Every structure is written in structure tokens, then in C-alpha cells.
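Comments concern the structure below.
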Amino acid sequence: MASPVEIEIEIVLHAQQKRYNVDLRFDRSDSEATPSPIGGETKLDLEKLRALSEDRFGYGKTLYEDVFADPNIRNRFENHCKAADSEDMPVRARLLIDDSAPELHTLCWESLRDPKSGDLLVTRERFRFSRFLSTDDWRPVRPPRARDELRALVVIANPSNITDYQPGGRPLAPLDVAGEKKRATESLGKIPSFVLSDPGSASFNGIIGKLREGYDILYLVCHGALIDGEPRLCLEDQTGVAAIVPGSELVTRLSELKQRPRLVVFASCQSAGGDVDGESTDGGVLAAIGPRMAQAGIPAVIAMQGNVSMRTVGTFMPIFFRELQKDGAVDRAVAAARGAVRDWDDWWMPVLFTCLKHGRLSWYTPGFTGGGSDFERWHALVNNIQKKRCTPIIGSGMLESFIGPFRDIARKWAIDFNYPMAGNEREQLPMVAQYLAVAQDPPFARDKFCEALRTGVMHHYGSDLPDKTNGASLQELISQAGKIRRTAEAAEPHKVLAGLGLSIFLTTNPDNLLADALIEAGKKPHVMLCPRSDQPEEPAKESPDYRPSVEEPLVYHLFGHLRDPESVVLTQDDYFDYLIDITRNNEVIPPSVRAHLVDTALLFLGFQMSDWDFRVFFRSIMSQEGRRRRNRLSHVAVQIDPEQERLIDPKRARDFLERYFSGTEIDIFWGSAEDFLRELLVQMQK
């Protein structure tokens with residue numbers, strides 16, 4: 001669905017010659033313009049604020065007045081907030097503390113209070129406040145996850161010798177394990193959870209090993225202490241006794257995971273036998289790890305910045321998780337949960353650290369627009385497949401699930417090679433590759449692309465690949481990774497496609513994954529490459545009388561193959577040349593493929609509408625003859641991957657595709673290729 005318009009405010013604090021300055025940046029989510037930031041000097045006095053620590057009302061007013069001491073800054077901030085209220089728009093406020101002023105993290109920013117009205121800012125659901133940390137990790141949040149597939153790992157560390165530890169001279173108390181488990185699972189609500197609470201299970205290696213299975217949420221309950229200025233966690237070893245782990249080590253290990261948690265919750269703990277309304281005893285030490293985690297690329301971290309009451313935790317957490325599941329907006333969910341505890345003394349203790357610019361964890365509900373599992377045309381799609389009137393067309397998303405998003409590669413190249421253009425061009429691989437081809441030379445861009453693919457597959461599957469692949473070619477490495485996936489996953493997309501009994505498959509990817517899956521399914525695939533005018537034509541490997549069939553299907557590579565890196569369509573010029581070739585002479589595509597493009601239902605898998613492979617291939621379809629026959633098709637099913645941190649309007653997406661296909665019936669499935677094919681298997685079994 002379309003996202004509501006919102007006001008975005010970024011408050012940036014930095015130190016300069018023993019004083020603190022503030023920069024304000026304003027924006028509207030529906031505006032293409034980027035307003036210039038304004039700056040000024042604050043009057044922040046840390047000693048004065050510490051003296052007010054017991055007076056939260058006075059603390060919040062003073063903090064507000066000191067930060068917005070510059071009249072211009074204050075007026076602009078308040079005017080934007082008023083404008084948002086008058087138009088009923090939410091405000092997304094991000095506080096960014098520069099590396100020059102790390103001591104400002106110790107201030108209680110959640111206490112900000114309007115000095116005129118006395119109203120709190122952060123307990124209003126429409127004022128979505130977070131502590132924003134920029135990150136050096138160029139990897140974006142892992143691809144969006146279907147809401148029904150979210151999983152949480154709950155860790156409750158209660159070492160058998162916990163009372164032997166006395167940070168600050170006060171012995172640590174055993175935890176109420178049963179109570180903590182109940183509170184965690186009830187807070188998570190419908191989100192399935194796995195609990196590590198048995199003696200010896202909450203070890204550091206045990207936690208990391210379990211997270212490798214792909215959990216979205218880490219809910220950690222343990223004691224913490226500040227030792228020599230370093231936050232430390234009291235976990236367990238394999239025998240169940242205490243193992244003290246530096247917070248920095250936890251941050252490092254989490255950031256190194258192939259699939260990092262999307263959300264980490266440091267839930268303050270209650271002692272065994274403690275009063276149900278009692279307080280935690282860690283003093284909010286674990287909140288100090290939050291900024292480091294966000295900087296290391298963990299999308300969102302929630303911690304308690306003090307000895308929070310169990311009543312507040314027990315109220316805050318269930319509301320937070322319930323709201324989070326509605327739309328994945330973590331800052332909005334925190335605001336809603338804060339509002340529920342605003343009348344209690346410790347309402348200010350829950351704090352959100354995030355590196356998400358738009359505050360959203362990108363969870364979604366898969367299904368057709370307006371249909372879901374009850375979608376009326378599942379019958380037509382299944383019938384087209386059974387009657388062999390369906391042609392799958394595979395996009396880059398099917399390869400990206402093995403090596404990581406192409407946007408990651410583009411982003412990293414843009415940084416490494418000083419790409420001069422701004423905006424989303426830095427995420428478009430053809431544009432950045434074109435820059436490399438011009439600034440260096442075309443072979444350099446192709447070599448870097450192959451290196452990036454190798455790095456990606458080794459990062460995702462290196463520990464699982466056999467030793468003999470150390471000297472393997474890139475094509476062999478990707479094939480090995482595909483074999484691992486097909487063995488482990490019943491609905492691995494290439495495996496499912498190979499089992500549909502179709503005769504022609506088109507792919508924009510340069511890998512051999514589909515051909516491998518077809519061979520495993522007992523087929524004899526024929527692999528052909530679409531010739532390019534600037535490259536030698538692919539030698540014919542089929543006999544002149546070859547006709548694609550279910551037993552000997554054709555896998556037609558539109559944009560080249562890794563066995564001939566020069567054939568791979570990579571740069572902007574490559575895409576333009578391809579489109580020109582197809583437009584001038586559509587006979588470069590075999591007659592059987594051209595016929596399938598107009599006489600069968602087209603099933604797009606692994607595409608995003610903004611991607612070049614999607615747009616260029618659509619244009620090449622439009623240049624083919626037989627448009628009238630294509631327009632008579634009763635159904636064309638289209639699956640589009642949800643785009644990471646991008647807002648997609650399914651209705652506009654459908655309209656866009658319909659214009660491309662000149663009236664052909666288009667239905668858009670919202671979800672990943674895995675989501676779609678799992679549901680397709682269910683529908684075919686019916």
C-alpha cells in the first residue's frame with residue numbers, strides 16, 4: 001500500500017572547540033527537493049543536566065532549551081512540528097550524535113519536553129524518535145522478510161555461580177528464569193520463538209551458532225556490568241557457569257553473521273523471588289552497547305537506560321511487538337509503547353538505536369494484490385502450467401539470493417572508486433559499472449564484477465562448500481552453492497521451476513543454476529546465449545532439427561553467461577546495445593522463444609521494476625511481433641520482489657506493467673520468489 005507522507009527531521013550534534021553545535025535537516029517524504037540544513041550553537045551543559053537527573057520534568061525542559069538555544073534553530077524545529085500537526089502528518093525525528101561527541105550518548109534524550117506546554121515529545125505516537133547511528137557497513141538490511149516467517153531467539157543467561165560476581169561491590173542475583181521466559185514469549189505474541197535457557201545453553205558460541213539459522217530478533221536477558229569502561233555481559237559457558245563477554249565482542253560477532261538479526265532487544269532482568277513490580281539491577285549498562293551495534297550495521301536495538309521496573313517492561317514490550325508486526329515501523333512501535341507507560345516514573349528508560357533512515361524493518365505480507373491465497377486466478381495460472389502454456393523469465397533476484405544484492409556491489413564500488421554521481425544512481429549496478437568501464441576500461445569492470453560474485457558466494461556459502469572448490473571457477477562455485485540450497489530447501493526456486501515440466505525458460509542471469517536443477521530433475525537442458533552484435537555469435541550446439549521439449553528444455557540466456565564473461569550484459573552501454581540489437585533484428589532470438597513470448601503466459605520471477613534487466617527486457621518484448629496474440633492471453637502472472645527500504649504502491653506497479661503490455665491482464669504478487677513458488681506448489685497440489 002502507499003506510504004503516508006511524513007516530515008523528516010534530523011538533529012545532528014557535534015563537538016567543536018569545547019562546545020556543541022547542532023545542525024537541523026528537514027525533508028518531506030513526498031518531496032524531490034533536498035532543503036539545505038541550518039546550523040547553530042547549543043548551550044549543552046552536561047554537569048547541569050546530571051544535577052537534574054532526579055528531576056525528569058526539569059531535565060527534559062532544560063535539555064530542550066539547551067539544544068534549541070539558537071532562536072533560528074528552535075523556530076524552524078517548532079514550525080515544522082506544527083506544520084506536521086496541522087496536516088495530520090507523522091514526524092520522524094532522528095538524533096545523530098557525531099563521533100566527536102560520544103559523551104552525549106549518556107544524556108537522556110527521550111526526556112525532551114516542550115518548555116512552554118510541558119508536553120513530552122517522544123510519547124506521542126506521531127512523533128517517532130530514534131537515536132540514529134551512521135554505519136560503515138555498506139551491506140543493507142537483508143532482503144525483506146514475510147511477516148509470517150519472522151522468528152525470535154530468546155536467550156536467558158543465568159549462570160550457576162552468578163552470586164560469585166560482585167561488580168561495584170554488590171553480588172549479582174540469580175534470575176527468575178521461568179518468569180523471564182514467560183515475559184519474553186508473551187511479549188513476542190504471535191512471533192515464533194526458540195528459547196535458550198537451560199543450563200549451559202546460553203553460551204556465547206551457542207548463541208552465535210543458533211543465530212546462524214537466520215533469526216530476525218535476538219531477545220537477550222542477562223546481567224551486565226561496566227568494567228574498566230567496557231560494557232560486559234554475564235553469559236554462560238557450556239557447563240553453565242559464568243562467562244564474561246565484552247560487549248564489543250558481541251557486536252563484532254553479530255556483524256560478521258551472514259544473516260544478522262534485524263532487531264536486538266536487551267531486556268532488563270528480574271531476580272528470582274523478586275517483587276513482580278520490582279526493578280532490574282543492571283543500571284542500564286547494556287544500553288551502552290546499543291550505539292556500537294547500530295554503527296556495526298544491526299538495523300535496530302532496544303535497551304533500557306536505567307533500572308527499569310518490571311511493570312514498565314511487562315507493559316512496553318507486548319505493545320511494541322504488536323505494533324511492530326503491523327507495518328515493521330520500529331520507531332512508530334516504540335512511540336506507541338512509550339505512550340502506554342508515559343505516566344510512570346521510568347517511562348523514559350526504553351531507548352531505540354537504529355541505522356535505518358526510514359525507521360522500517362521491511363516486513364511484508366506476501367500475496368497477490370487484492371487476492372492472497374484466495375486469489376481467483378490461481379486456477380488459470382495452474383492450468384497454464386499444466387497445459388505447458390507458461391514461460392518463466394528469471395531476473396537478478398534469483399541470483400542475488402546466492403551472492404547478495406547487486407545494489408550492494410554498486411554501493412561498494414561507488415565508495416571504493418569515488419563514483420561522482422549522487423542519489424540512487426550509486427545503487428544502480430549498470431550505472432556504476434559504466435563509470436568503471438570509462439574511468440578504467442571495460443575488462444576492468446567485468447573482472448571486478450566476477451570478483452564481487454565470487455566474494456558474495458564465498459561469504460554466503462564458504463563454510464559449506466567442499467575444500468576442492470578452493471580452485472574452482474566462479475561458475476562452479478555458484479553451481480556448488482545451488483546444489484547445497486536445492487538439497488536443503490524443498491521450495492528452492494530453481495528446483496521448483498525444474499519440476500514444472502515446461503519446455504522453455506528465459507533468464508537474465510549469467511549462472512548455470514537453472515540448468516543444474518533441470519539436470520537433477522532428469523532433464524537434458526540445452527543452454528543457448530542471445531548473440532550480441534559486438535561479440536562472436538554463440539556456436540550452435542543443437543542439431544538443426546532441435547525443438548524445445550519437456551525432456552529437453554531450452555534455457556535461453558538473454559544477457560550472457562559466465563562461461564564467456566565478455567557476453568555478460570553489465571554496463572549501461574551493454575543494455576542499450578542489447579536493446580538496439582533486438583529492435584533492429586528480432587530474429588536474433590530463436591523462433592521458438594519468440595513464439596513463447598506471445599503465445600504463453602509469462603511468469604516473471606526475481607525482478608524489481610526499477611532494475612535495468614526488468615526494464616530492458618520489457619522493451620525488447622514490446623519490439624517483438626505478435627502483440628495482438630499476446631493481448632488475447634487471459635492471464636499473465638507477474639511476481640516482483642519487495643524492494644529493500646523502498647516504498648512500493650502495488651496499484652501503481654500494476655498500472656505500470658499494464659501500460660507496458662498494452663492491455664494484457666497483469667497480476668502482481670507481492671513477495672519473494674520463494675514466497676510465490678511455495679504458494680504455487682500448494683495451489684498445484686489442490
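The values are calculated or read from the model by the stated rules, or taken from the named source; none is laboratory data. Given the structure is predicted, the values throughout are model-derived calculations rather than measurements. All Cβ positions, glycine included, derive from the backbone under ideal geometry; neighbour counts span all protein chains shown.
Just the residues that are in contact with a strand residue (DSSP E or B) (Cβ under 7 Å, 6 or more places away or on another chain) and acidic (D, E), please, taken from the stretch 169-218. D176, E180, D216, listed by residue number. Of the numbered criteria (1) modelled with pLDDT of 75 or more; (2) surrounded by fewer than 18 Cβ atoms within 10 Å (Cβ to Cβ), the one G370 fails is (1). Here F57 clears all of (1) part of a strand (DSSP E or B); (2) under 26 Å from R332 (Cα atoms); (3) not small (G, A, S) except the condition numbered (1). I'd like the full set of residues that are part of a helix (DSSP H, G or I) and surrounded by fewer than 19 Cβ atoms within 10 Å (Cβ to Cβ), limited to the stretch 159-176. Selection gives T163, D164, P167, G168, G169. The residues in the stretch 294-323 that are closer than 20 Å to L150 by Cα and either assigned by TED's automatic domain parsing to the domain that holds A93 or in contact (Cβ under 8 Å) with a residue 40 or more places away in the chain (or both) can be counted, and the count is 11. Filtering the stretch 75-96 to residues that are in contact with a Pro (Cβ under 8 Å, 6 or more places away or on another chain) and either in a loop (DSSP other than H, G, I, E, B) or modelled with pLDDT of 90 or more (or both) leaves M89, P90.
Scanning the stretch 260-281 for residues that are modelled with pLDDT under 65, of a type outside the set (S, T, Y) and part of a loop (DSSP other than H, G, I, E, B) yields a total of 8.
If I ask for residues that are basic (K, R), modelled with pLDDT of 85 or more and in contact with a strand residue (DSSP E or B) (Cβ under 8 Å, 6 or more places away or on another chain), which ones from the stretch 15-49 would you list? Correct list: R19, R25. None of L570, L562 is within 17 Å of F617 (Cβ to Cβ) and either in contact with a strand residue (DSSP E or B) (Cβ under 6 Å, 6 or more places away or on another chain) or not hydroxyl-bearing (S, T, Y) (or both) except L570.
Could you tell me which residue of the stretch 200-243 is surrounded by the fewest Cβ atoms within 10 Å (Cβ to Cβ), considering only residues that are part of a strand (DSSP E or B) and without any contact (Cβ under 8 Å) to a residue 60 or more places away in the chain? Within the stretch 200-243, the match that is surrounded by the fewest Cβ atoms within 10 Å (Cβ to Cβ) is E230.
Against the conditions (1) surrounded by 14 or more Cβ atoms within 10 Å (Cβ to Cβ); (2) closer than 19 Å to H358 by Cα, D88 satisfies every one except (1).
Test R131 against the criterion of being modelled with pLDDT of 90 or more, closer than 24 Å to W348 by Cα and of a type in the set (K, R), and give yes or no. So R131 passes the test.
Each row is one residue, and each column tells you yes or no for (1) under 20 Å from T600 (Cβ atoms); (2) not in a loop (DSSP other than H, G, I, E, B).
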| residue | (1), (2) |
| --- | --- |
| A490 | no, no |
| K495 | no, yes |
| G501 | yes, no |
| F505 | yes, yes |
| P510 | no, no |
| M528 | yes, yes |
| P531 | no, no |
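So for the stretch 216-238 (the condition being farther than 28 Å from N307 by Cβ and among the aliphatic types (A, V, I, L, M)), does at least one residue qualify? Full working, then the answer.
At the first step, the residues of the stretch 216-238 found to be farther than 28 Å from N307 by Cβ are 216, 238.
Filter once more, so that each one left must be among the aliphatic types (A, V, I, L, M): none.
No, that holds for no residue.
The set of residues from the stretch 603-615 being of a type in the set (A, V, I, L, M) and surrounded by fewer than 22 Cβ atoms within 10 Å (Cβ to Cβ) comprises just one member, M609.
The condition (being touching a Gly at 6+ places or on another chain (Cβ under 8 Å) and either farther than 28 Å from G499 by Cα or modelled with pLDDT under 95 (or both)) is satisfied by just one residue among G471, G423, G456: G456.
Counting only helices (runs of 4 or more DSSP H) wholly contained in the stretch 374-479, the ones carrying 2 or more residues that are of a type in the set (S, T, Y) and surrounded by 15 or more Cβ atoms within 10 Å (Cβ to Cβ) occupy 442-461. Residue pairs whose Cβ atoms lie under 9 Å apart, sitting 6 or more positions apart in sequence or on different chains, and linking a residue in the stretch 500-529 that is under 22 Å from V568 (Cβ atoms) and modelled with pLDDT under 95 to a partner that is charged (D, E, K, R) and assigned to a strand (DSSP E or B), are L529/D564. Between L120, L52, which is at negative phi, more than 24 Å from the chain's Cα centre (by Cα), free of Cβ contacts under 8 Å to residues at least 12 places away in the same chain and crowded, with 16+ Cβ neighbours inside 10 Å? Among L120, L52, only L52 is at negative phi, more than 24 Å from the chain's Cα centre (by Cα), free of Cβ contacts under 8 Å to residues at least 12 places away in the same chain and crowded, with 16+ Cβ neighbours inside 10 Å.
Of all residues in the stretch 143-173, those being on the phi < 0 side of the Ramachandran plot, small (G, A, S) and at pLDDT below 80 number 1. Given (1) surrounded by 12 or more Cβ atoms within 10 Å (Cβ to Cβ); (2) in contact (Cβ under 8 Å) with a residue 60 or more places away in the chain; (3) polar (S, T, N, Q), identify the lone condition not met by Q16. With respect to (1) surrounded by 12 or more Cβ atoms within 10 Å (Cβ to Cβ); (2) in contact (Cβ under 8 Å) with a residue 60 or more places away in the chain; (3) polar (S, T, N, Q), Q16 is out only on (1). Scanning the stretch 535-556 for residues that are of a type outside the set (A, V, I, L, M, F, W, C) and at pLDDT below 85 returns Q535, P536, E537, E538, P539, K541, E542, S543, P544, D545. Scanning the stretch 180-199 for residues that are surrounded by fewer than 20 Cβ atoms within 10 Å (Cβ to Cβ) and part of a helix (DSSP H, G or I) turns up K181, K182, T185, E186. Out of the residues in the stretch 318-341 that are of a type in the set (D, E) and modelled with pLDDT of 90 or more, state the one that is nearest to V122 (Cα to Cα). For the stretch 318-341, the residue satisfying everything is D331.
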